[in-house]
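What follows draws every value from the coordinates through simple rules; no lab data is involved. Quantities reported herein were computed from a predicted structural model and do not represent experimental measurements. Positions of Cβ are backbone-derived with ideal geometry, glycine not excepted, and every protein chain shown enters the neighbour counts.
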Amino acid sequence: MPLPDIFETRQATALRDALVAGDLEQAKKIEDHLLAEAATSPEDRELLADQLRASMLFRAYVDASGAGDTAMAALLQNLLTSLCSPRTVQTTVMSGLLYAGVQQGALPAADHDRLSEWMSGADVGEEMRARLASIKRTP
């Protein structure tokens, strides 16, 4: 599903392109611009920056994988795991699994179990637990 052509989407695309090209200076400028209004402290800024990078890179990874572009998917996966904290990567991947499960109504047993295990140890609300409960576990 294509994202809307709005300022934030164009900026996220530019951020992804700068990271893929290895232009960390440009990536930092775009990131700073996107986070200027959102962050209330340096610590908050770092957390938001980590989440922004992870979300954008994961979305691009899913798109590349779906398109069969294994080289780009591998590059994006490497960027995701090297530029983002392990906790943020895990949270992002689990959110992606939850989203896919809700959209499809089911998840393979291994993915469902992985998501369920993660949720049992994570600080997630009842709404997310209810969403997981609505997803069928398939063999």
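Could you work out the pair-distance distribution P(r) of segment 55-118 from its alpha-carbon pairs, with 10 angstrom bin width and percents rounded to whole numbers?
Pairs per bin, as whole percents: 22, 46, 31, 0.
Using a cut-off of 15 Å between beta-carbons, work out the net charge of the residues near Thr88 (Lys and Arg +1, Asp and Glu -1, Thr88 not included).
Values: positive: Arg45, Arg53, Arg59, Arg87; negative: Glu31, Glu43, Asp44, Glu46, Asp50, Asp123.
Combined, the nearby Lys, Arg, Asp and Glu give -2.
In deg cm²/dmol and to the nearest 500, what is the mean residue ellipticity at 222 nm of the chain if only DSSP H runs of at least 4 residues count, each as -39500 (n - 2.57), divided by the residue total?
-25000 deg cm²/dmol
Once the Cα atoms of helix 70-83 and of the chain are each reduced to a long axis, what angle between those two axes, in degrees from 0 to 90 to the nearest 10, is obtained?
Value to nearest ten degrees: 80.
Under 16 Å from the 7 Å Cα→Cβ point of Ser120, by amide nitrogen: which residues of segment 75-112?
Hits in segment 75-112 for Ser120 at 16 Å: 109-112.
What percent does the relative contact order of the chain come to when contacts are Cα pairs within less than 8 Å and at least six residues apart?
18
Binned at 5 Å from 0, what are the whole-percent values of the Cα-Cα distance distribution for segment 6-76, short to long?
Percent of Cα pairs in each bin: 3, 17, 25, 24, 17, 9, 4, 1, 0.
Take Ser55, Ser120 and order them by how many other Cβ atoms sit within 10 Å, fewest up front.
Ranking Ser55, Ser120 by Cβ neighbours within 10 Å, fewest first, gives Ser120, Ser55.
With every atom except the alpha carbons ignored, what do you get for Rg and Dmax of the chain, in angstroms?
16.1, 46
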